[in-house]
Structure formats: structure tokens, C-alpha cells
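Report on one structure; see the data block that follows.
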Amino acid sequence: MEDFICPVSSIEHLQDYFEVEYGPDGECRPCRLKPLASLYVGALDKAGYEALSNRVQSAMESGDPLTAAKVLDNIKSGVDDSLRKELETLDCFVQTYKED
């Protein structure tokens, strides 16, 4: 299986991405945070990073999207390389997803 290559040249830090309420195509960026966080939690749990998974869940419960986005950004530095790539792929998907 080939490695996924993100179609954008640079993935934004999630905190920067979620600072903007609506993207250039009118997409509601904050609306994408909860599904992304849920995918992070699933990936972290599957890889055995329960403490980091709990950290994401706590950040989401705080209600502050920028704090949660910052936690998601920081999580990637505390995991193994294959999981980091998986999380970066999720970041790419959320930033490039186009609704029909």
C-alpha cells in the first residue's frame, strides 16, 4: 500500500486552522474540530496512548476550540512516528475536505 501524500503543500497547525471561523469555500472550520478530535481519540486509544487520549477528551470538554486545537497540535510530538503520520493524515483530511 502506498503512503498517503497530502494534496496541499503545507498543512496548517490546527490552532491556526481553527482560528479562522470560515474557510475560503465557506466551510465552518469549528464544525470540523469535534469529528477530528474523535478520530484522534480513536487512533490514540488503538495505539495504546490512553493518557494522551484522555488529554484530548479533556481539552474538548473545556469548550475552548483553540485550546483543544493546541492540544491536538502538541499530541503529535509525543507519539511514535507511524502514529504521528496517521494524525497528520487526519489533519490533512480535515483541511482539504470539500462538502458536495
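The values are calculated or read from the model by the stated rules, or taken from the named source; none is laboratory data. The shown structure was predicted, so the numbers you read here are calculated from the model rather than taken from an experiment. Cβ sites come from the backbone with ideal geometry, for glycine too, and all protein chains shown count toward neighbours.
Points worth noting:
- Any hit, region 30-50, residues being within 19 Å of Glu99 (Cβ to Cβ) and touching a Gly at 6+ places or on another chain (Cβ under 7 Å): no
- Total residues in region 6-18 satisfying the condition of being among the polar types (S, T, N, Q) and either closer than 24 Å to Val56 by Cα or in contact (Cβ under 8 Å) with a residue 60 or more places away in the chain (or both): the figure is 2.
- Scan of region 81-93 for residues that are modelled with pLDDT of 95 or more and within 16 Å of Arg29 (Cα to Cα), ordered by number: Leu90, Asp91, Cys92
- Hits in region 1-50 - residues which are in a loop (DSSP other than H, G, I, E, B) and under 11 Å from the mean Cα position of the chain (by Cα): Ile11, Glu12, His13
- Candidates Glu61, Glu21 - the one that is in contact with a Pro (Cβ under 7 Å, 6 or more places away or on another chain), free of Cβ contacts under 8 Å to residues at least 40 places away in the same chain, more than 16 Å from Asp73 (Cβ to Cβ) and not polar (S, T, N, Q): Glu21
- The set of residues from region 55-80 being farther than 21 Å from Phe18 by Cα and modelled with pLDDT of 95 or more comprises Val79, Asp80.
- Members of region 51-100 that are of a type in the set (Gly, Ala, Ser) and either in contact with a Phe, Trp or Tyr (Cβ under 7 Å, 6 or more places away or on another chain) or assigned to a helix (DSSP H, G or I) (or both): Ala51, Ser53, Ser58, Ala59, Ala68, Ala69, Ser77, Gly78, Ser82
- Restricting region 52-100 to residues that are among the acidic types (Asp, Glu) and crowded, with 16+ Cβ neighbours inside 10 Å, the residue that is nearest to the chain's Cα centre (by Cα): Asp91
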